[in-house]
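Chemist: One structure, pasted below without further comment.
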Amino acid sequence: MDVLSKHHPQSDRAALERYLKISQDTAMRNIIELDHPAGDWEKALPLGNGRLGAMVFGQIDDESILLNEETLFYGGPKDRGNPDAKGSVERIRSLLWAGKPEEAAFYAKAALTGTPRYLYPFQPAGILRLFHYRPKGSPGAYRRVLDIDRALAELSFTVEGEDGATGEFRREYFTSLAVNVLAVKISGTAPLIAPLTAPPTAPVSLIANLNRRPFEEHSGRIDRATVGLWGRCGPDGVDYFGAARLIAQGGQAEVLGDALTVRDAESVVIYASFQTSYRGNLQYREGVLASLDEAEKTGYEALKEAHCATYRELYRRVELSINSTDDPESAAPAESTDAMLEKLQQGDDRYLDYLSVLEFNLGRYLLISSSYNCRLPANLQGLWNGTFTPPWESVYTININLEMNYWPAEVCGLSECTAPLFDLVDLAAERGRASARNLYGAGGFVLHHNTDAWGDPDPTGIGDSSPFWVMGGAWLALHYFEHYRYTQDRDFLKNRALPVMEGALQFFLDYLTEDAAGTLHSGPSISPENTYITPGGQRAALCISPAMDIQILRELGKSYQEALQTLGLDHETGRRIAAMIRRLPETKLTKDGRIREWLEDYDEAEPGHRHLSHLFALHPGAQITEESPELFAAAKKTLEYRLSHGGGHTGWSCAWVILFHARLKDGEGAYRYVRQLLSGKTSENMLNVHPPFQIDGNFGFTAAVAEMLVQSHAGYCELLPALPSAWKKGRARGLRVRGGVTLDMAWEGGKLAEALFTADQDTRLSVKYRGKTAVLELKKGVPSPSGGW
């Protein structure tokens, strides 16, 4: 069954046939092509199956393939709760109410932060090194490719031998979604001329080795064709085991020491796999060897076919074409990807549409590669990390970054990829109950601004602009309800979402404090990573009721009440939470009409700060819409002010700016920052840079493009709400709408040409386009046109 039939089982084939053309056009958009090896791991080509990640450098003589295993964090879980926190919270809060944030910070830095203060890092599993016998002569026709449509990488180059004959050499790489292995195939058309005792008679002669320098513990022969690497990742850390197996066609292959060797083979396949003992996986060694056995038994070509089929079922659910539907030449530029990016940086926009679609597709590829059929969600670098001391420990930062990683999941039809996110939050929420009780004397659960593979709930860091933020659990709880809104899965709502939403809100029943007017306030808190200027001229971060706190609470409270109504529940806890939400402070404006970031109208220490936390209610929240014109105008002014002072200067922040423009229905503004992200915050391999590399910008970009095309957060589905004039024509297929609906649409001359909605179950959908509204009665599985506009 083809993708179209699966998603439209009762469709009118004649009416939908034109959508098939998208596949032919967009397939050409799905290649990242480079003409040189990677100079460092951040410019390598990423492969992943959720559990096992690889970065392909594409070196000619001595290839390095960086390997990551999703659970390989240094060290084990630890209780970092500060024993002096509970006795200090009220003193710190009182100092904030007294207008003494500097003094409050003095105590908070000692009494509230975790002990120890930092989390352990995510670390590399190792390097698979391929030492080829060096060919004489200069290589040519070099081509390194990431094929996003098939989820595999390719390398090819030629070498002219001493006799003038030219040989072509190839490598192909993929991390199998069917079997947990990295697979590498090496082949060629002529032997390399190498300084051996006797010249080789077939193309492939090499040595392969797994290493984890400088933290190698044990390595050696496992069997006649397999070598291994094993040890423990830090004190109380996980045990790990990795292995590589070589299968040669022809030639002489043997294990020598801890190396796989082969000479004079027609082709070679190497399989590698890693596992750890994370959370009771005691059969990790056996699991690795079983994966290698299964890969070998299946065979390379069959394994690749199964991998591509599984991947394409996920990836091809959504397709996008912009301005190139009828122009195959435009859709297949001859330039390498880095050359196109360089032209864009120089002001040449001829490839901007191509790169926009490529980046949109890459975000979906990366989400599948780092968050499908696995145990842990995508971290700050997804599944990929090439250093033992990565930036910010490559953990899960939950004051924007982890949340942004999952913004494209639902709208792009990848709901399965949210599963590891919910698994980690469930774990963290359980540990967060102890933190709520021990640190704050509160019920429910609390998470702060970072967590790790063990669901660490406690404050992290030494500064005062990040750790003292208690909203991490509340924000992540909203992702559960979003999953329900897109999937309409009532079992998930009842058994997974509601308990987490309720637990997050129960914390605030005890944590919030009342002012003289009876208003409830959060605090001590911060507006993530930002600072303000006190009336005394000092720079401060700690505060009472920053805008983001209140906006998250109001959003979660509203979603929680909607969940109760959907499930037909009415109980005292729900009524107490509703009463709490009604007593939160209202959104306030600055004297010049912007949304205040803090409760008081403070001056900002960094007017162009990368975080735009006080616009949470605009996105990802749904409190500020066109139905609230005063706040809508204030949000627009807030964004303009922040950007006029240099905001949006990091990759992920720039992606958020695109989303804000989309929610403000400003297609031209969104388009400017699409260009800015691609021209200044994107590496040659299309990975986003903070700098350094952070994957959230890639995911945020994909979500932003989808948001420009369709929005469904305000109780109705709006088509092409932020379409820039430059996107004159295009097609999108498979985008998801809240309510359990799939959208296919096309536009011509900047205007909607047609739209088809297919519901997962019988439902009613209100659709808006350019001020006009239609109410559709949708039948399960039957595509319905939106009607004339």
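Chemist: Of everything in the stretch 173-209 that's touching a Leu at 6+ places or on another chain (Cβ under 8 Å), surrounded by fewer than 23 Cβ atoms within 10 Å (Cβ to Cβ) and part of a loop (DSSP other than H, G, I, E, B), which residue is modelled with the lowest pLDDT?
Modeler: Filtering first and then ranking leaves Pro200.
Chemist: Within the stretch 296-305, can one find any residue that is open to solvent by 30 Å² or more (accessible area, probe 1.4 Å), over 30 Å from Gly220 (Cα atoms) and outside any helix (DSSP H, G or I)?
Modeler: Checking the stretch 296-305: not a single residue is open to solvent by 30 Å² or more (accessible area, probe 1.4 Å), over 30 Å from Gly220 (Cα atoms) and outside any helix (DSSP H, G or I).
Chemist: Kindly list, by first and then second residue, each pair from a residue in the stretch 242-270 that is over 25 Å from Glu286 (Cβ atoms) to a residue that is modelled with pLDDT of 95 or more and of a type in the set (D, E, K, R), limited to pairs with Cβ atoms under 7 Å and residues at least 6 apart or on different chains.
Modeler: From residues that are over 25 Å from Glu286 (Cβ atoms), the pairs are Thr261/Glu254; Ser267/Lys185.
Chemist: Next up: Condition first: of a type in the set (Gly, Ala, Ser) and open to solvent by less than 20 Å² (accessible area, probe 1.4 Å). Can you find one or more residues in the stretch 528-538 that meet it?
Modeler: Looking only at the stretch 528-538, we keep the residues that are of a type in the set (Gly, Ala, Ser), and these are 536-537.
Pick out the ones that are also open to solvent by less than 20 Å² (accessible area, probe 1.4 Å) and you get none.
No, there is no match, as no residue in the stretch 528-538 is of a type in the set (Gly, Ala, Ser) and open to solvent by less than 20 Å² (accessible area, probe 1.4 Å).
Chemist: Only one residue in Leu366, Leu355, Leu292 is of a type in the set (A, V, I, L, M) and under 16 Å from Gly48 (Cβ atoms). Which one? Explain how you work it out, then say what you get.
Modeler: Working: Leu355 fails: under 16 Å from Gly48 (Cβ atoms); Leu292 fails: under 16 Å from Gly48 (Cβ atoms).
When all the criteria are applied, what remains is Leu366.
Chemist: Here's another thing I want to ask about it. Return the residue satisfying two criteria in turn: it lies in the stretch 39-76 and is more than 17 Å from the chain's Cα centre (by Cα) and part of a strand (DSSP E or B), and of such residues it is surrounded by the fewest Cβ atoms within 10 Å (Cβ to Cβ).
Modeler: Applying the filter and picking the extreme gives Asp62.
The values are calculated or read from the model by the stated rules, or taken from the named source; none is laboratory data. Just so it is clear, the model here is predicted, and its values are computed rather than measured. Neighbour counts run over all protein chains shown; Cβ positions are idealised from the backbone, glycine included. Surface accessibility is based on the protein's heavy atoms, side chains included, excluding ligands, DNA and RNA. Shrake-Rupley method; radii C 1.70, N 1.55, O 1.52, S 1.80 Å.
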